[in-house]
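The values are calculated or read from the model by the stated rules, or taken from the named source; none is laboratory data. None of the values given here were measured: they were computed from a predicted structure. Neighbour counts are summed over all protein chains in view; Cβ atoms, including those assigned to glycine, are modelled from backbone coordinates with ideal geometry.
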Amino acid sequence: MAAHRLHFLLVPHIGPGHSIPMIDMAKLLAKQPNVMVTIATTPLNATRFGATLAGSINAGLSVQFLELPFPAAEAGLPEGCETTDKIPSLDLVPNFLAAIGETADKYHIPRIMFDGMSCFNELCCNNLYVSKVFDCLPESEPFIVPGLPDRIELRRNQLPAEFNPSSIDTSEFRQQARDSEVRAYGVVINSFEELEQEYVNEYKKLRGGKVWCIGPLSLCNSDDSDNAQRGNVASIDEEQCLKWLDSHEPESVVYACFGSLVRVNTPQLIELGLGLEASNRPFIWVVRSVHRSNEVEEWLAESGFEERIKDRGLLIRGWAPQLLILSHPSVGGFLTHCGWNSTLEAVCAGVPLITWPQFAEQFINEKLIVQVLGTGVGVGADAVIHVGEEDRYGVKVKNEDVKKAIEKVMDDGIEGNERRKRAKELGKMANKAIKEGGSSHLNLTLLIQDIMHHANATS
Ligand code: UDP
């Protein structure tokens, strides 16, 4: 710390779902007086996120990358495998995790955890760790998560990998992560208090008060070009996308995207496409099937799907400008895998959700959306599809299920309208939270004051 100047070192876990909000956080912190920010990452990630940060650097913010070589070869990984979405084969996941080390404790720097999830999820997972309530139950037997403000029912086969292991053994890494999580000085959360107040209060009690909700971080991107460039280069021209959206009625379009990591097997992907088609609504579908793209392309062409939907469907193959799309007034529903970033981005845009969780904490997020917030309808996904084992599951959700959930969300009867109203109210609250006088704005100041105080006390 130079005299009264705080220097934050951000070390994002190197996968898009973690790096994207952390880059947003870097911008937000760097806008504060007397704060500078360094993001430690690998050369390829620095390049990938360079464009996103360029505007902030040009605007004179004190934010920079520190490029550290990634020990790919030492860990038995191919060159260039520097993010989770670049791991070529899933049996290399443990090698990837081994290549990520941690050093903060050594230098007595207050280490603040950011795992990119909600207080609802943090509290759920903590209570699951502590109670092990599911331990002797069959994997499909429902149980109530203890100690939560609401009655949340889950099954072991819906839980994140630390409680519901897959065939890829990541237990050693997860235990280390849990240990370092418990030892962290505090926790920064990409959420805002009004969204999940009771859960924030409970989680604060658990962590001795050192929990700061400073989100939604995506709202630090104020213009279309920031929104279009987030996380990767979009596979569709920004103008073309906006033109397509402009040509549709307000709240009429369904946007379907499963984040950066989900790999849906081909028969299931086809059901999803057919469900979108059967919904009879205009839609944008981000078709990503890295490992099976030939099969999917063949189906799109040979079945006549692309031809049939061409007047009301827009397919994006690759990376979509998600923030740009979600914030467009013609979008009326978001079919999502319930990744936390996507969930919160929809909250900000006031868009109701069609939920189709796949793995990690996504079933927990679905509970928050559907049950606690009342802004979504599930397609009926009932258990985790373990990463790397997708082909084993075949079709779990039928196109009729997708259609039904879309109809419910897009419907303009009483239920649909109330859901939409709730979503819009939350959207307003989210936008208020990050402005001056809002809860997240205040929490950011409190975080900086706390660290400043800590630094003064220990220097
Ligand atoms: N994203 C995007 N375009 C895409 C896919 C994803 O911009 O085509 C962004 C999305 O806006 C979100 C992040 O990538 O910020 C995905 O994070 P999330 O937590 O939703 O899911 P994950 O990828 O971690 O499963």
Handout entry: Among (1) crowded, with 19+ Cβ neighbours inside 10 Å; (2) touching a strand residue (DSSP E or B) at 6+ places or on another chain (Cβ under 8 Å) - the single one Ser140 does not satisfy
Key = (1)
Practice task
Show the residue pairs that are 6+ apart or on different chains and have beta-carbon atoms under 9 Å apart, the first residue being within the stretch 252-263 and under 13 Å from Trp319 (Cα atoms), the second being aromatic (Phe, Trp, Tyr) and near the ligand (Cβ under 7 Å from one of its atoms).
Solution key: Ser260/Trp319
Completion exercise
Flagged in the stretch 326-363 as hydrophobic (A, V, I, L, M, F, W, C) and within 11 Å of the chain's Cα centre (by Cα), in numbering order, are Cys338, Trp340, Leu344, Ala346, Ala360
Exercise for the section: Taking Glu415 as the residue in question, decide whether it is assigned to a helix (DSSP H, G or I), at pLDDT 95 or above and either more than 16 Å from the ligand (Cβ to nearest atom) or surrounded by fewer than 21 Cβ atoms within 10 Å (Cβ to Cβ) (or both). Expected result: yes
Problem - Every residue from the stretch 418-446 that is in a helix (DSSP H, G or I) and over 24 Å from the mean Cα position of the chain (by Cα) - result: Glu418, Thr445, Leu446
Exercise for the section: Just give me the residues in the stretch 17-48 being outside any loop (DSSP other than H, G, I, E, B), in contact with a Leu (Cβ under 8 Å, 6 or more places away or on another chain) and either within 13 Å of the ligand (Cβ to nearest atom) or among the basic types (Lys, Arg) (or both), in sequence order. Expected result: Gly17, Pro21, Met22, Ile23, Asp24, Met25, Lys27
Fill in the blank from the handout: Restricted to the stretch 287-315 and to residues being at pLDDT 95 or above, surrounded by 15 or more Cβ atoms within 10 Å (Cβ to Cβ) and outside any helix (DSSP H, G or I), the residue farthest from the ligand (Cβ to nearest atom) is Arg312
Problem - Flag for Arg392 being assigned to a helix (DSSP H, G or I), more than 21 Å from Val264 (Cβ to Cβ) and not β-branched (Val, Ile, Thr) - result: no
Completion exercise
Checked pairs for the stretch 57-81, first over 18 Å from Ile23 (Cβ atoms), second of a type in the set (D, E, K, R) and loosely packed, with under 12 Cβ neighbours inside 10 Å, C-beta under 8 Å and 6 or more apart or across chains, list as Ala72/Glu79; Ala73/Glu79
Exercise for the section: Go through the stretch 386-402 and give me each residue that's β-branched (Val, Ile, Thr) and either modelled with pLDDT under 95 or touching a Pro at 6+ places or on another chain (Cβ under 6 Å) (or both). Expected result: Val387, Val395
Handout entry: Residue check for Leu242: out of contact with any Lys or Arg (no Cβ under 9 Å at 6 or more places or on another chain), closer than 28 Å to Gly50 by Cβ and in contact (Cβ under 8 Å) with a residue 12 or more places away in the chain
Key = yes
Practice task
Could you list, in sequence order, all residues of the stretch 272-286 that are crowded, with 21+ Cβ neighbours inside 10 Å and in a helix (DSSP H, G or I)?
Solution key: Leu272, Gly273, Gly275, Leu276
Problem - Of all residues in the stretch 346-367 being within 21 Å of Val384 (Cα to Cα), assigned to a loop (DSSP other than H, G, I, E, B) and touching a strand residue (DSSP E or B) at 6+ places or on another chain (Cβ under 9 Å), the one that is farthest from the ligand (Cβ to nearest atom) - result: Trp356
Practice task
Answer yes or no as to whether Phe134 is surrounded by 18 or more Cβ atoms within 10 Å (Cβ to Cβ), more than 28 Å from Asp450 (Cα to Cα) and at pLDDT below 80.
Solution key: no
Exercise for the section: May I ask you to list the residues in the stretch 144-178 that are in contact (Cβ under 8 Å) with a residue 12 or more places away in the chain, closer than 21 Å to Gly374 by Cα and in contact with an Asp or Glu (Cβ under 7 Å, 6 or more places away or on another chain)? Expected result: Pro149, Arg155
Fill in the blank from the handout: Output for Cβ contacts, cut-off 8 Å, separation at least six or different chains, first residue in a helix (DSSP H, G or I) in the stretch 112-138, second away from the ligand (no atom under 16 Å from the Cβ) and acidic (Asp, Glu), reads Cys119/Glu196; Cys119/Glu202; Phe120/Glu196; Leu123/Glu202; Cys125/Glu162; Tyr129/Glu162
Practice task
Hey, can you tell me all the residues within the stretch 316-345 that are within 8 Å of the ligand (Cβ to nearest atom) and among the aromatic types (Phe, Trp, Tyr)?
Solution key: Trp319, Trp340
Completion exercise
In the set Ala75, Ala54, the lone residue that is part of a loop (DSSP other than H, G, I, E, B) and either farther than 20 Å from Arg288 by Cβ or of a type in the set (Val, Ile, Thr) (or both) is Ala75
Problem - Pairs where the first residue, in the stretch 219-239, is within 13 Å of the ligand (Cβ to nearest atom) and modelled with pLDDT of 80 or more and the second is part of a helix (DSSP H, G or I) and not acidic (Asp, Glu), C-beta under 6 Å, 6+ apart - result: Leu219/Cys348; Cys220/Lys27; Cys220/Leu28; Asn221/Asn227; Ala234/Ala228; Glu238/Ala228
Handout entry: Scope the stretch 316-334; condition in a strand (DSSP E or B) and farther than 21 Å from Asn232 by Cα; matching residues
Key = Val331, Gly332, Gly333
Exercise for the section: For Phe70, indicate whether it is aromatic (Phe, Trp, Tyr) and more than 16 Å from the ligand (Cβ to nearest atom). Expected result: yes
